[in-house]
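Okay, so here's the structure we're looking at.
The values are calculated or read from the model by the stated rules, or taken from the named source; none is laboratory data. Note that the structure is a prediction, hence the values are computed from the model and not measured. Quick reminder, even Gly has a Cβ in these numbers, built from the backbone with ideal geometry, and neighbours come from all protein chains shown.
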Amino acid sequence: MSELPDERAGTPAEGAKAHAWTSVTEARASWSGAMRAHEQAPPDPGFCDRLQALAEAAAAMRDAHARALEAGLAWRPVADSERARPPYELRPGTGRRGPTDLWARFDAAVRQLNQAGAGDNLADVVDAYAAVAQAAAELADALQTLGE
């Protein structure tokens, strides 16, 4: 993420940018923690809770990046974003439990996030985090309903 070049220090827009950047930094910490929880997870316990935490972290990233967009910050493409993969327990073909249609939506949201990260449009990043948040929340809700 970078500042747009036409803003000057000390302006109200600069204060909004600083606030937005703080929000992005805090949301990134939440996102990193949620991803780490999946990476270091034992085979089964707490899976539904980890999915819910991922949904909440993705929603925080969506909100923080939306504030950054409103404040005039820009997105810098992330190298190799299109090749990023989710933690093992979230990948296709690993025995994921739950409705296959919801997992298909989750997989599509992950692809959307990877593509947005490789691009230069912050609005696309906001939309992609929204898609991941919704897909992960729907999966968590479905698993909870199924008693898993």
Matching residues in region 74-112 - criterion: being within 30 Å of His19 (Cβ to Cβ) and part of a helix (DSSP H, G or I): Ser81, Ala109, Val110, Gln112
Val125 vs. criteria closer than 26 Å to Ala16 by Cα, β-branched (Val, Ile, Thr) and not in a helix (DSSP H, G or I): no
Residue list for region 31-67, restricted to those being buried (at least 16 other Cβ atoms within 10 Å of the Cβ), over 17 Å from Leu113 (Cα atoms) and at pLDDT 80 or above: Phe47, Cys48, Arg50, Gln52, Ala53, Arg67
Among the residues listed as Ala123, Ala128, the single one being without any contact (Cβ under 8 Å) to a residue 24 or more places away in the chain, closer than 18 Å to Arg28 by Cα, of a type outside the set (D, E, K, R) and out of contact with any Pro (no Cβ under 7 Å at 6 or more places or on another chain): Ala128
Hits in region 42-73 - residues which are more than 18 Å from Thr22 (Cα to Cα), touching a Leu at 6+ places or on another chain (Cβ under 9 Å) and of a type in the set (Gly, Ala, Ser): Ala55
Residue ID - nearest to the chain's Cα centre (by Cα), chosen from residues in region 97-148 that are surrounded by fewer than 16 Cβ atoms within 10 Å (Cβ to Cβ) and basic (Lys, Arg): Arg111
Close pairs (6 angstrom Cβ cut-off, 6 or more residues apart or separate chains): without any contact (Cβ under 8 Å) to a residue 40 or more places away in the chain and basic (Lys, Arg) in region 88-117, part of a helix (DSSP H, G or I) and crowded, with 17+ Cβ neighbours inside 10 Å anywhere: Arg96/Trp103; Arg105/Ala135
